[in-house]
Amino acid sequence: MEKNTTKIILCLAALGGLVALAMAAGATASTGVVQGRASVIDGDTLEVRGERIRLFGIDAPESAQTCLDQSGRTYRCGQRAAFALSDKVGARPVSCQPTGKDRYGRIVARCSLAGEDLQAWMVRNGHALAFLRYSKAYRSHEAEAKATGAGMWTGSFEAPWDWRRRPKS
């Protein structure tokens with residue numbers, strides 16, 4: 001009888017540990033919020049706790065995309081957007097509220113860092129554009145970036161959605 005009691009106690013302890021791990025995992029079943037340290041994939045995609053998250057309502061230049069600066073020199077604006085987002089996030093935890101999934105199965109979400117809207121920050125600083133096809137939420141942030149000549153707005157660029165459609169050599 002003593003062996004069975006020990007087995008039951010060990011099973012309950014293990015179950016309690018699993019529950020604690022699930023609760024600490026960062027994705028709460030009741031809210032769907034994904035929280036934790038983020039790795040930046042590109043200027044509009046994060047990875048948080050193994051989940052690819054596409055930032056809602058914005059479109060950043062692709063990693064290989066180039067733009068022209070104010071002097072007409074080519075620079076890798078897609079890479080610069082990713083670096084800007086990475087520098088902003090650093091090692092601090094983000095919180096992402098899913099709005100759905102995209103055609104690639106990624107979570108689409110509104111993400112924040114210490115309460116600051118990351119999408120608004122990216123667009124306002126000229127590292128991404130408002131993706132009006134999906135949302136008008138960041139239109140005013142884009143107008144602000146354009147008016148102040150922030151980021152890509154200092155020179156010239158092709159909208160990421162147009163760049164993706166163009167044949168690559």
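The values are calculated or read from the model by the stated rules, or taken from the named source; none is laboratory data. Source: prediction; values computed, not measured. Heads up, the Cβs are rebuilt from the backbone with ideal geometry, glycines too, and the neighbour counts pull from every protein chain shown.
Worth pointing out:
- Condition check for residue 78: touching a Lys or Arg at 6+ places or on another chain (Cβ under 8 Å) and either at pLDDT 95 or above or among the aliphatic types (A, V, I, L, M) (or both): no
- Restricting the stretch 48-63 to residues that are among the small types (Gly, Ala, Ser) and touching a residue at least 24 places away in the same chain (Cβ under 8 Å), the residue that is nearest to residue 140 (Cα to Cα): 57
- So residue 133, is it within 22 Å of residue 65 (Cα to Cα), charged (D, E, K, R), in contact with an Asp or Glu (Cβ under 9 Å, 6 or more places away or on another chain) and touching a residue at least 12 places away in the same chain (Cβ under 8 Å): yes
- If the condition is being small (Gly, Ala, Ser) and either within 14 Å of residue 60 (Cβ to Cβ) or assigned to a helix (DSSP H, G or I) (or both), then the stretch 123-135 contributes 126, 128, 130.
Here's the yes/no breakdown for (1) in contact (Cβ under 8 Å) with a residue 24 or more places away in the chain; (2) part of a helix (DSSP H, G or I); (3) surrounded by 17 or more Cβ atoms within 10 Å (Cβ to Cβ):
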residue: 78; (1), (2), (3): yes, yes, yes
residue: 86; (1), (2), (3): yes, yes, no
residue: 103; (1), (2), (3): no, no, no
residue: 111; (1), (2), (3): yes, no, yes
residue: 121; (1), (2), (3): yes, yes, yes
residue: 137; (1), (2), (3): yes, no, yes
residue: 152; (1), (2), (3): yes, yes, yes
residue: 161; (1), (2), (3): yes, yes, no
residue: 167; (1), (2), (3): no, no, no
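- Residue 50, sole failed condition from (1) of a type outside the set (A, V, I, L, M); (2) modelled with pLDDT under 95; (3) in contact with a Gly (Cβ under 9 Å, 6 or more places away or on another chain): (3)
- Scanning the stretch 139-150 for residues that are in a helix (DSSP H, G or I) and of a type outside the set (Val, Ile, Thr) yields 139, 140, 141, 142, 143, 144, 145, 146, 147.
- Unmet requirement for residue 95, which otherwise passes all of (1) surrounded by fewer than 16 Cβ atoms within 10 Å (Cβ to Cβ); (2) touching a residue at least 40 places away in the same chain (Cβ under 8 Å); (3) at negative phi: (1)
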